[in-house]
Amino acid sequence: MEENRWFLSIIQHEFRTGKIDLDSTMKLLEKLKIPFDFAHVKHVFKKTVDKRKEHTINIEDFRAIYRIIVHRPEFLELFRAYSLNSNMLSDTQLTEFLKKEQYETEACEITALEIILKHEPIEEVRKRRQMSFEGFIRYMISEDCSIFKSNHRTIYQDMNHPLCDYFISSSHNTYLISDQLVGPSHLWGYTSALLKGCRCLEIDCWDGSNNEPVVYHGHTLTSKIPFVSVIQVIDKYAFMASDYPLILSLENHCSTKQQEVMAKYLETILGEKLLTSTIGDTAVNQLPSPEALKRRILVKNKKVGTIEEGVLRRNGENQSETEEISEYESMSDEDETDEKVTLCSKTGTPKRKRKHKSSSSPRKKAKVTFTKIALALSDLVIYTKSEKFVSFEHSLTNQKCYENNSIGEVQARRFVKRSAKEFVSHTSRFITRIYPKGTRMNSSNYNPQEFWNVGCQMVALNFQTPGVPMEVQDGKFLDNGGCGYILKPEFLRNHNSTFTPNNVGRYSKPMSLSIRLISGHQLPPSNLSKTNKADPLVQIEIFGVPEDQVKKKSSVVKSNALSPRWDETFSFTVQVPELALIRFCVEDEISLVANEFLGQYTLPLLSLRKGYCNIPLLSKDGDNLEPASLFVHVWYY
């Protein structure tokens, strides 16, 4: 038996003195290259030694522990079905498995050989182009069998469309790392968002002492960070996770004097990365693509006049240092302060008036306000000029392609309800940013799905706040290599589209989806358990257009987090799969009314792999809970 020989050759050295303890057991399992959860190994180890009141195990005990954790019956059933009762899979049997069960179509013979070379640990077996059960296990728990399609882990979408054709990973109040009234502002907010692939950061700028602008949540007690430090951190981490353009959304409350300081820092620190002129023609009739703007940083702010005037001014001599721009003060705009809650007004800080909620025809009570803007800063705004939102028809007749709007979640939700078609038409032409309402003091998040459904590009969330909205955001942007840009479906890019999320009509491409939930493995134990136990259940939820929104729930497996078995099938019909995400959430049933979160994984529906797959689980903060996983069979047409 080659497997026995291989197994003994790896472990016998450790057993030269006869017995090993828990520590050595863990080390030995690592040597066998299978990931383990300490709580589970400790529990199985304890059960083994408790019978004999010792603290060590012999070689046979170790083999028994290894089998309990590694030799999963659900894998053995599959292995035996194809190895025809021998203890090996030949390359042709593996090819058969890949075709029938994994729905692999092209070059299965080559794929089978690659899998054997990559996952089979026993050299003699590898040489014979065969696979042992040990190799099969390693293949089934590897990324090659992960539920997320491997070709979606790299950039596979066309990156040559104009910027407004993409969903863009966007963060709100990026400088905060807890709540928005008294919490700390911290550079880590920017670092962590950038490392997560975020492509639109918010910088809330205010006048600081010694003519040094600061970043913090205005009129609150959140701490302050120097603007210069924020730009230095952005310079360092801008393109670590993605090469595609980074947009700095300035919420600018500074005097013109300090705006000039901001402009100087942006230019000197970011250097070549900062986009300061148009690409190609000065006249702009269409936004450039993410591809054309690779490794460039764009400033999003209010701007005086047109791009063309700004470029001419930068090339010539600045005639005046500042200019005023007039705008309607009727609607919610970039100044989120209108919706932010004022905690205190220190002397010298202008206390902003709260605006009335805008009605559906707000222009009746519009009054013109004037904002002073330093030309040095204004001229750094190229393709992302912030323009106050007035109405959809106003934008259609007056707005230029490089002008974008910010709309608060409350008003945006009203538009989704009452004028979704106009909203979709608007977002097919102009970048639209949605931001959370100011009453979300604890920096909670809304569900981003409702705004992606109408094509909003920058649906800004508080990245520092864990929970379902951030899990949905992370799941969506896993796609396309995690580069932070996802091409919108054609019906959200087409200017003549009549798509609306509430009535998808001819845009429906129904997908029939079946998920067999087979088992779980090494799930995180319950917080209430002193050993390695939990009462796990799985919720499977679809996020998408309202018609596709659905949640289904498995039965509860009592007192087993090591290897719960469900064998339950769930069926879904999804009308608009291009917009849908699927979330698997594992919970521990504490009582009939309460469950405790154990782990989850969310991904786009169109990134689902077919066949037998493992689902990695992530913690509340998005960290991988390896080796915790679910084992499922996925099928759709």
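The values are calculated or read from the model by the stated rules, or taken from the named source; none is laboratory data. Here the structure is a predicted model, which is why all the values come from computation and not from measurement. Cβ sites come from the backbone with ideal geometry, for glycine too, and all protein chains shown count toward neighbours. To get the accessible areas, we keep the full protein, side chains included, count just its heavy atoms, and leave off ligands, DNA and RNA. Shrake-Rupley method; radii C 1.70, N 1.55, O 1.52, S 1.80 Å.
Excluding same-chain neighbours fewer than eight residues apart, the aspartates and glutamates reachable from K553 by a Cα-Cα span under 17 Å are D535, E541, D567, E568, E587, D588, E589, E596. When all protein chains stay in place and ligands, DNA and RNA are ignored, the 1.4 Å accessible-area order of M240, M458, largest first, is M240, M458. Taking a virtual spin label 7 Å from the Cα of R16 along the C-beta vector, which residues in region 42-71 bring their backbone nitrogen under 14 Å of it? Zone members listed by number: none at all. Sorted into 5 angstrom bins from 0, the C-alpha pair distances of region 494-633 split as 2, 10, 19, 21, 17, 12, 8, 5, 3, 2, 1, 0, 0 percent.
Taking the inverse of the mean reciprocal distance over all distinct Cα pairs, the Kirkwood hydrodynamic radius of the chain comes to 27.3 Å. Our summary of shape: the Cα atoms of region 170-312 have principal axis extents of 46, 34, 23 Å, ordered from largest down, in whole angstrom.
When only the Cβ of Lys, Arg, Asp and Glu is charged (+1, +1, -1, -1), the dipole of region 219-321 relative to its Cα centre reaches about 300 debye. In this structure, the amide hydrogen of T322, modeled 1.01 Å from its nitrogen in the peptide plane, lies closer than 5 angstrom to those of L375, counting only residues at least 5 positions away or on a different chain.
The modelled label-to-label distance between M26 and S508, using points 7 Å beyond Cα along the C-beta direction, is 5.4 nm. With a 1.4 Å probe rolled over the protein heavy atoms of all chains, the accessible area of H521, H394 falls in the order H394, H521, largest first.
A Stokes-Einstein calculation at 20 °C with viscosity 1.002 mPa s, built on the Kirkwood radius of region 169-235 over Cα pairs, returns a diffusion coefficient of 181 µm²/s. Against the main long axis of the alpha-carbon atoms of the chain, helix 227-237 sits at an angle near 40°.
Over region 368-459, accessible surface divided per residue gives 30 Å², non-protein components excluded, 1.4 Å probe. Size of region 1-138 from its Cα atoms: along the principal axes, largest to smallest, the extents are 54, 26, 24 Å. Net charge in the neighbourhood of D535 (other residues with Cβ under 11 Å of its Cβ; Lys, Arg +1, Asp, Glu -1) is -2. For T500, the amide hydrogen comes within under 5 Å of no other amide hydrogen, counting only partners 5 or more places away or on other chains and with H modelled in the peptide plane.
Per residue, the accessible area of region 540-598 comes to 42 Å² when a 1.4 Å probe rolls over the protein heavy atoms. Taking 0.36 nm per residue of separation and subtracting the Cα-Cα distance, full extension of the segment from E212 to N160 would add 14.8 nm.
Residue separation of S9 and N87 scaled by 0.36 nm, minus their Cα-Cα distance, works out to 26.2 nm of gained length.
Projecting label points 7 angstrom from Cα along Cα→Cβ for E321 and V593 puts them 6.5 nm apart. Extension gain, E96 to E547: 0.36 nm times the residue separation minus the Cα-Cα distance gives 158.5 nm. Helix 256-270 and the longest principal axis of the Cα set of the chain meet at an angle near 40°.
Ligands, DNA and RNA left out, the 1.4 Å accessible surface of region 3-85 is 54% carbon and sulfur atoms. Tell me, how many Å apart are the Cα centres for region 179-218 and for region 438-497? Between the Cα centre of region 179-218 and that of region 438-497, the gap is 20 Å. Across the accessible surface of region 104-168, with the other protein chains kept in place and a 1.4 Å probe, carbon and sulfur atoms take up 49 percent. Note that region 96-182, at 37 °C in a medium of 0.692 mPa s, gets a Stokes-Einstein diffusion coefficient of 193 µm²/s from its Kirkwood radius over C-alpha pairs. Legend: calculated FRET efficiency, A107 to S559, from the Cβ-Cβ distance at R0 = 60 Å, rounded to 0.05, equals 0.85. Solvent-accessible area of F97, all protein chains in place: 0 Å² (probe radius 1.4 Å, heavy atoms, ligands and nucleic acids excluded).
With all projection directions averaged, the alpha carbon convex hull of region 433-537 covers 10.9 nm².
Ligands, DNA and RNA are left out, and with a 1.4 angstrom probe the accessible area of region 93-148 is 46 Å² per residue. Relative to the longest principal Cα axis of the chain, at what angle does helix 73-83 sit, 0 to 90 degrees, rounded to 10? The answer is roughly 70 degrees. Given a Förster distance of 56 angstrom, what is the FRET efficiency for N527 paired with L312, based on the Cβ-Cβ distance and rounded to 0.05? The pair N527/L312 has a calculated efficiency of 0.30.
For the chain, what is the percent of antiparallel DSSP beta bridges, rounded to the nearest 5? If I count the DSSP bridges inside the chain, around 75 percent turn out antiparallel. With respect to the cross-link table entries K552/K610; K224/K257; K196/K417; K488/K509; K196/K385; K42/K620, which display a Cα-Cα separation exceeding 22 Å? Going by Cα-Cα distance, K196/K417; K196/K385; K42/K620 fall outside the 22 Å limit. Under the simplified labelling scheme, the K421-F38 pair shows an inter-label distance of 6.1 nm, with each label point 7 Å from Cα along Cα→Cβ.
Only one residue of N285, S419, M88 has its Cα farthest out toward the positive end of the dipole of the chain, where Lys and Arg carry +1 and Asp and Glu -1 on Cβ, and that residue is S419. Oblate is the label for region 134-205, because a/c, from the alpha-carbon gyration tensor with a ≥ b ≥ c as root eigenvalues, is 1.5 or above and a/b does not exceed b/c.
In whole percent, what relative contact order does the chain give with Cα contacts below 8 Å and a gap of six or more residues?
RCO, the chain: 13 percent.
The aspartates and glutamates within cross-link reach of K99, meaning a Cα-to-Cα straight distance under 14 Å and a gap of 8 or more places when in the same chain, are D91, E109. Near E104, the amide H atoms lying under 5 Å from its own belong to K99; only residues 5 or more places off or on other chains count, and H is placed 1.01 Å from N. Summing charges over neighbours of T465, with a neighbour being any other residue whose Cβ is under 15 Å away from its Cβ, gives -2 when K and R count +1 and D and E count -1.
Rounding to the nearest 20 debye, state how big the charge dipole of region 514-582 is about its Cα centre with +1 on each Lys and Arg Cβ and -1 on each Asp and Glu Cβ. Spell out each step's value before the answer.
On the way: 8 positive and 7 negative charges, 100 e Å.
Roughly 480 debye for region 514-582.
T531 contributes an accessible area of around 70 Å² to the protein surface, as traced by a 1.4 Å probe with all chains present.
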